[in-house]
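This is the structure I have questions about; it appears just below.
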Amino acid sequence: MTLTTHATLGAVIGHAVGNPALAFVFGFLSHFLVDMIPHGDTGLADNFHVHKRRRKQAVAYVVVDAIVALLFVLLIANTRDLESVRTFSWGITGGVLPDLLVGLYEVTKTPLLRWFNKLHFYFHDFFVRKKGDVPLYYALMAQVVFIAYLQTKL
């Protein structure tokens, strides 16, 4: 999933639970559950990790996604009368942290994060390994619709 999807879901979770610690935990757990849904990025990941080609394309995808996520979160935060910015923020943090840790692992290759990287991709590729992935374009369109629906819950 995109960071924007994870951030939006984390915000909704934070809004729903009303407790910063629970918002973080449920946001973090939601990341793994939502990542299990095939979402079209297997080709990008394979090109980056396995084939060592089109790395700039994968990095550009991540950078654009991060910028869009940041702008979207700021838009939500500045256009809603949020009861508790803290729970909203901790839900978002929990929702995006797994991808940030994977990115940190990719940059550092530290053995301390290798186990987390494997855990993340176990969930990320759970159904893709069995059933295959969906086209990225369809996955992105579905996520836009999901994000639009989620933002109505804030």
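None of the figures in this text is laboratory data; all of them are computed from the coordinates on show. A quick note: this is a predicted structure, and the numbers were derived from the prediction, not measured. Cβ: placed from backbone, ideal geometry, glycine included. Neighbour counts: every protein chain shown.
Which numbered condition in (1) surrounded by 18 or more Cβ atoms within 10 Å (Cβ to Cβ); (2) under 22 Å from Thr42 (Cα atoms); (3) in contact (Cβ under 8 Å) with a residue 40 or more places away in the chain; (4) not polar (S, T, N, Q) is the only one that Lys131 fails?
If we test Lys131 against (1) surrounded by 18 or more Cβ atoms within 10 Å (Cβ to Cβ); (2) under 22 Å from Thr42 (Cα atoms); (3) in contact (Cβ under 8 Å) with a residue 40 or more places away in the chain; (4) not polar (S, T, N, Q), just (1) comes out false.
Any residue at all in the range 20-28 that's surrounded by 14 or more Cβ atoms within 10 Å (Cβ to Cβ), closer than 24 Å to Leu140 by Cβ and within 17 Å of the chain's Cα centre (by Cα)?
Filtering the range 20-28 down to residues surrounded by 14 or more Cβ atoms within 10 Å (Cβ to Cβ) leaves 20, 22-28.
Remaining after also requiring closer than 24 Å to Leu140 by Cβ: 27-28.
Narrowing further to those that are within 17 Å of the chain's Cα centre (by Cα): 27-28.
Checking the range 20-28: at least one residue is surrounded by 14 or more Cβ atoms within 10 Å (Cβ to Cβ), closer than 24 Å to Leu140 by Cβ and within 17 Å of the chain's Cα centre (by Cα).
With the condition kept exactly as written, say whether any residue in the range 37-57 is on the phi > 0 side of the Ramachandran plot and of a type in the set (D, E, K, R). Break it down stepwise before answering.
Step one: filter the range 37-57 for residues on the phi > 0 side of the Ramachandran plot, giving 40, 52, 54.
Subset that is of a type in the set (D, E, K, R): 52, 54.
There is at least one residue in the range 37-57 that is on the phi > 0 side of the Ramachandran plot and of a type in the set (D, E, K, R).
On the basis of being over 20 Å from Tyr138 (Cα atoms) and either touching a Leu at 6+ places or on another chain (Cβ under 8 Å) or crowded, with 19+ Cβ neighbours inside 10 Å (or both), does Gly14 make the cut? Full working, then the answer.
On the way: over 20 Å from Tyr138 (Cα atoms): yes; either touching a Leu at 6+ places or on another chain (Cβ under 8 Å) or crowded, with 19+ Cβ neighbours inside 10 Å (or both): yes.
Criteria met by Gly14.
Does the range 134-154 hold any residues that are touching a residue at least 40 places away in the same chain (Cβ under 8 Å) and not in a helix (DSSP H, G or I), and which are they?
Result: Val134, Pro135, Lys153, Leu154.
Could you list, in sequence order, the residues of the range 88-126 that are surrounded by 14 or more Cβ atoms within 10 Å (Cβ to Cβ) and assigned to a loop (DSSP other than H, G, I, E, B)?
Asp125, Phe126 - these are the residues of the range 88-126 that are surrounded by 14 or more Cβ atoms within 10 Å (Cβ to Cβ) and assigned to a loop (DSSP other than H, G, I, E, B).
Run down Thr79, Thr4, Thr42, Thr93 and say which single residue is within 25 Å of Met141 (Cβ to Cβ), among the β-branched types (Val, Ile, Thr) and touching a Phe, Trp or Tyr at 6+ places or on another chain (Cβ under 7 Å).
Criteria check complete, one pass: Thr4.
Write out, first by first residue and then by second, each pair whose Cβ atoms fall under 8 Å of each other, whose residues are 6+ apart or on separate chains, and whose first residue, in the range 86-111, is more than 17 Å from Val63 (Cβ to Cβ) while the second is surrounded by 16 or more Cβ atoms within 10 Å (Cβ to Cβ) and acidic (Asp, Glu).
Qualifying pairs under 8 Å: Pro98/Asp35.
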